[in-house]
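Encoded as structure tokens, the structure appears first; notes follow it.
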Amino acid sequence: MKKTISLTVNGVERTAEVEPRLTLLDLVREHFGLTGAKLGCDVQVCGACTLLVNGKPISACSMLAVDADGCEVVTIEGLSEQNKLHPVQEAFVEFGALQCGYCTSGFILTAKALLDETPHPSEQQIRDYLAGNLCRCGCYQEIIQAIKNVGSEA
């Protein structure tokens, strides 16, 4: 039995009729065409599917769309404003904090949430906060440097 839900995605009010088993990741990718978040492990381990829900990073592969009813969701597509990259996105480019890019949106959204909570995080705080995000290419040092740089400029 489908349920109608309403949520705000990247500042736009959206309504969808969803099956109870549909994940938030599938909703944003398949129904809304926002494909920046990726399905990686499908068990809440790799962070490739990370979205911000009410400002908090969540694994969208494990959250049901019906549980996002009434929530504010931010995807990587909604992070930039007026065709200007968010400072975290700019830092990832500047520091080469990506290779294949599969995990990048999850890292960037998680970093944004960290910097919103802790504007000047220590390296250990960054490492701890990013513990749920994995990069197969091994760009961890560059990712940490990018986030430290944004934190030092905040």
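So residue 40 ticks every box in (1) in contact with a Phe, Trp or Tyr (Cβ under 9 Å, 6 or more places away or on another chain); (2) farther than 26 Å from residue 115 by Cα but one. Which box is left unticked?
Among (1) in contact with a Phe, Trp or Tyr (Cβ under 9 Å, 6 or more places away or on another chain); (2) farther than 26 Å from residue 115 by Cα, residue 40 violates only (2).
Within the stretch 127-137, can one find any residue that is of a type in the set (Phe, Trp, Tyr) and more than 18 Å from residue 40 (Cβ to Cβ)?
Checked against the condition, which is being of a type in the set (Phe, Trp, Tyr) and more than 18 Å from residue 40 (Cβ to Cβ), the stretch 127-137 yields at least one hit.
Any idea how many residues of the stretch 1-16 are within 30 Å of residue 82 (Cα to Cα) and out of contact with any helix residue (DSSP H, G or I) (no Cβ under 9 Å at 6 or more places or on another chain)?
Looking only at that region, the number is 4.
Any chance you could count how many residues in the stretch 8-18 are surrounded by 14 or more Cβ atoms within 10 Å (Cβ to Cβ) and more than 24 Å from residue 115 (Cα to Cα)?
So the count comes out to 3.
Listed here are the residues, each with its yes/no results for (1) in contact (Cβ under 8 Å) with a residue 24 or more places away in the chain; (2) out of contact with any Gly (no Cβ under 7 Å at 6 or more places or on another chain); (3) assigned by TED's automatic domain parsing to the domain that holds residue 138; (4) not hydrophobic (A, V, I, L, M, F, W, C).
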site: 24; (1), (2), (3), (4): yes, yes, no, no
site: 32; (1), (2), (3), (4): no, yes, no, no
site: 35; (1), (2), (3), (4): no, yes, no, yes
site: 40; (1), (2), (3), (4): yes, yes, no, yes
site: 49; (1), (2), (3), (4): yes, no, no, no
site: 65; (1), (2), (3), (4): yes, yes, no, no
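Is one or more of the residues making up the stretch 93-100 in a loop (DSSP other than H, G, I, E, B), under 20 Å from residue 42 (Cβ atoms) and modelled with pLDDT under 95?
yes
Kindly indicate whether any position in the stretch 28-42 is under 16 Å from residue 79 (Cβ atoms), of a type in the set (D, E, K, R) and surrounded by fewer than 18 Cβ atoms within 10 Å (Cβ to Cβ).
no
Quickly run through the stretch 66-83 and pick out the residues that are modelled with pLDDT of 95 or more and either over 16 Å from residue 105 (Cα atoms) or assigned to a strand (DSSP E or B) (or both).
66, 67, 68, 69, 70, 71, 72, 73, 74
In this structure, is residue 35 in a loop (DSSP other than H, G, I, E, B) and over 21 Å from residue 115 (Cβ atoms)?
yes
Report yes if some residue within the stretch 112-125 is touching a residue at least 12 places away in the same chain (Cβ under 8 Å) and among the small types (Gly, Ala, Ser); otherwise report no.
Scanning the stretch 112-125, I find at least one residue that is touching a residue at least 12 places away in the same chain (Cβ under 8 Å) and among the small types (Gly, Ala, Ser), so the answer is yes.
For the stretch 43-71, name all the residues that are charged (D, E, K, R) and surrounded by 21 or more Cβ atoms within 10 Å (Cβ to Cβ).
Across the stretch 43-71, there are no qualifying residues.
The values are calculated or read from the model by the stated rules, or taken from the named source; none is laboratory data. If you're wondering where the values come from, they're calculated on a predicted model, not measured in any experiment. Note that we place each Cβ from the backbone using ideal geometry, even for glycine, and neighbour counts take in every protein chain shown.
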